[in-house]
Amino acid sequence: MPIHSFEKTFDQAVNQTRTVAIIGAGPAGLMAAERIAAAGHAVTVFEQKASVGRKFLMAGKGGLNISHSEPFEDFLQRYDQPDWLKPMLQAFTPSDLRTWVSDLGIETFVGSSGRVFPAEMKAAPLLRAWVARLKASGVQFRLRHHWQGVSKDHTWQFHTPDGEQSYAFDAVVLAMGGASWARLGADGAWRQWLAERNVVTVDFKPSNGGFVVNFSPFIQAHAGEPVKSIVASTVLPDSGKVIEKSGDLIITEQGVEGGVIYALSRHLRDAILQTGQAQLTLDLMPSRSSEQLISLLSKSIGKQTLASFWRRQIGLDGIKATLVREYVPRQKWVDASAVAHTIKNLTIAIDGMRPIDEAISTAGGVSCLAVEKDLMLKQWPGVFCAGEMLDWDAPTGGYLLTACFASGQWAGQGVNEWLSHHANEATS
Ligand SMILES: Cc1cc2nc3c(=O)[nH]c(=O)nc-3n(C[C@H](O)[C@H](O)[C@H](O)COP(=O)(O)OP(=O)(O)OC[C@H]3O[C@@H](n4cnc5c(N)ncnc54)[C@H](O)[C@@H]3O)c2cc1C
């Protein structure tokens, strides 16, 4: 098996250039590569797929929500581990991210919800410009290189189309993503190789994914339709605290997903894991009070059908009307109080989570207890981690990518500092 030691040239040795591997060519890994190459080190990005940034490109398909424009303290509180992520996000803020995108020749804009998007909403132009800039700065790419752990002789093992390859490096950044959408590369298989080094990892859990609801065929017939402008809430089993989010959800063949569901997904998931069940309560008409609804629905229905009465009196139709018919007993469809109560408090029993591979992101992975402040593994000097493979969680809204970029640049900075203090050590 050939061993590539990335031998240093005379010039590199004089300039203290070191060899650094980035494993995983997603946003976190590429950001680490950029930071380390800028310090003058020889950086090689290893990626198991035939091309880079596949999940990032997929994120761009529905409109690349790269960050959020809300005040920094509010932004930070969207994460489940704000204290851990704070220094990373302070060192590379959402506003720094927008400047960085702009430096790649792509302007960003703030949508009506405060979310930040690149001008064309796509990831591909950004990724193209970024990879070109990385290559111009000397970053090398080794595609179809699947990292498979470290051998007894302490070299890093890769499965490649040319057979097994072994390499030695001065430092390594692991940025192999979480464990969803495995076909795009983030398969979570890396966990076994870190376990061999006694690195503490946390079980993967789906985040920003769908939930299973045993809806009747009447509701299932609306699969794909949005339930718009609602307030959704759930009660935390431990504290009894109510968590409330405004937005839309989508009815699916299996249950529910979409914006408000993603925003509540961490809480719904944790309730299911703790108690085996979760409840979702919807206010289908947040702009009207119960009293207003009761007053309008108490008018005489006359010769109208129920559907046209509901539509004319309170604007209730489509999927919202179907949901009300489903959740109000038939004999009470003309009872103004019962209908108003259900419109304001439609309580849906959640029967389970959709599979992890369908989730937009995953929680779990390398624990904050396993890394130093600079994201170097405590059990493995010279090896750093970044991005979604770290155990943090956040809703959609640009928070995921911002933390991947920020932790990538933080790990890159950590590598630069570590190399400057450890002149002649290689990772093993
Ligand atoms: C449909 C969808 C839409 C999304 N939309 C958004 C959005 O709008 N906004 C947002 O903030 N986030 C969004 N996300 C989430 C976001 O894309 C991810 O959080 C982000 O890509 C994670 O970045 P990462 O660099 O940590 O990992 P990844 O992007 O997953 O990259 C990890 C890389 O490591 C490689 N790898 C894994 N194992 C190995 C190995 N053993 N050897 C070599 N290489 C390996 C993988 O092939 C992969 O290329 C979306 C995700 C999905 C699926």
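The values are calculated or read from the model by the stated rules, or taken from the named source; none is laboratory data. Because the structure is a prediction, the values reported are computed rather than measured. Here the Cβ is made from the backbone with ideal geometry for all residues, glycine too, and neighbour counts use every protein chain on show.
Out of all the residues in the stretch 267-281, is one or more without any contact (Cβ under 8 Å) to a residue 24 or more places away in the chain, exposed (fewer than 13 other Cβ atoms within 10 Å of the Cβ) and not assigned by TED's automatic domain parsing to the domain that holds THR396? Yes. Against the definition (among the β-branched types (Val, Ile, Thr) and crowded, with 23+ Cβ neighbours inside 10 Å), how does THR362 come out, yes or no? In short, yes. Of the residues making up the stretch 32-50, not one is within 11 Å of the ligand (Cβ to nearest atom), part of a strand (DSSP E or B) and small (Gly, Ala, Ser).
Of the residues making up the stretch 242-256, those that are surrounded by fewer than 18 Cβ atoms within 10 Å (Cβ to Cβ), within 22 Å of THR275 (Cα to Cα) and out of contact with any His (no Cβ under 9 Å at 6 or more places or on another chain) are VAL242, GLU244. Here is the figure for the stretch 307-351: residues that are under 39 Å from the mean Cα position of the chain (by Cα) and at pLDDT below 95 total 1. Quick check: anything in the stretch 69-86 crowded, with 17+ Cβ neighbours inside 10 Å and either farther than 19 Å from SER361 by Cβ or within 10 Å of the ligand (Cβ to nearest atom) (or both)? Yes, the stretch 69-86 contains at least one residue that is crowded, with 17+ Cβ neighbours inside 10 Å and either farther than 19 Å from SER361 by Cβ or within 10 Å of the ligand (Cβ to nearest atom) (or both). Against the test of being buried (at least 20 other Cβ atoms within 10 Å of the Cβ), within 16 Å of the ligand (Cβ to nearest atom) and at pLDDT below 95, the options GLY53, GLY29, GLY60 yield a single qualifying residue, GLY60. Scanning the stretch 233-250 for residues that are in a strand (DSSP E or B) and not small (Gly, Ala, Ser) yields THR234, VAL235, VAL242, ILE243, GLU244, LYS245, ASP248, LEU249, ILE250.
Within the stretch 394-423, the residues that satisfy the criterion of being in contact with a strand residue (DSSP E or B) (Cβ under 9 Å, 6 or more places away or on another chain), among the small types (Gly, Ala, Ser) and within 13 Å of the ligand (Cβ to nearest atom) are ALA394, GLY397, GLY398, ALA403, SER407, GLY408, ALA411, GLY412. For the stretch 372-382, taking the residues that are touching a Phe, Trp or Tyr at 6+ places or on another chain (Cβ under 9 Å) and within 16 Å of TRP193 (Cβ to Cβ), the one that is nearest to the ligand (Cβ to nearest atom) is identified as LEU377.
Quick one: would you say ASN208 is more than 15 Å from the chain's Cα centre (by Cα) and of a type outside the set (Asp, Glu)? Considered against the rule, which asks whether it is more than 15 Å from the chain's Cα centre (by Cα) and of a type outside the set (Asp, Glu), ASN208 comes out as no.
The numbered conditions (1) within 14 Å of the ligand (Cβ to nearest atom); (2) part of a strand (DSSP E or B); (3) not hydroxyl-bearing (Ser, Thr, Tyr) are all true for PHE109 except (1). The set of residues from the stretch 384-393 being in contact with a Pro (Cβ under 9 Å, 6 or more places away or on another chain) and either among the hydrophobic types (A, V, I, L, M, F, W, C) or in a strand (DSSP E or B) (or both) is empty. Contact annotation: residue pairs with Cβ atoms under 6 Å, 6 or more positions apart or on different chains, pairing a residue in the stretch 287-312 that is within 20 Å of SER229 (Cβ to Cβ) with a partner that is in a loop (DSSP other than H, G, I, E, B), are TRP310/LEU316; ARG311/ASP317.
Checking the stated criteria, SER95 turns out not to satisfy the condition of being modelled with pLDDT of 95 or more, surrounded by fewer than 18 Cβ atoms within 10 Å (Cβ to Cβ), more than 9 Å from the ligand (Cβ to nearest atom) and closer than 22 Å to ASN208 by Cα. Taking the criterion of being out of contact with any Ser or Thr (no Cβ under 9 Å at 6 or more places or on another chain) and among the polar types (S, T, N, Q), the residues of the stretch 190-219 that qualify are GLN192, ASN198, ASN214, SER216. Per the listing GLY138, GLY178, the residue uniquely touching a residue at least 12 places away in the same chain (Cβ under 8 Å), within 12 Å of the ligand (Cβ to nearest atom) and in contact with a helix residue (DSSP H, G or I) (Cβ under 7 Å, 6 or more places away or on another chain) is GLY178. Only one of (1) of a type in the set (D, E, K, R); (2) under 30 Å from LYS320 (Cα atoms); (3) outside the structural domain of MET285 (by TED's automatic domain parsing) is not met by ASP391, so which one is it? All conditions pass for ASP391, except number (2). For first residues located in the stretch 353-370 and assigned by TED's automatic domain parsing to the domain that holds GLY185 and at positive phi, partners that are assigned to a strand (DSSP E or B) and near the ligand (Cβ under 9 Å from one of its atoms) and lie 6+ apart or on another chain with Cβ distances below 6 Å form the pairs GLY365/LEU390.
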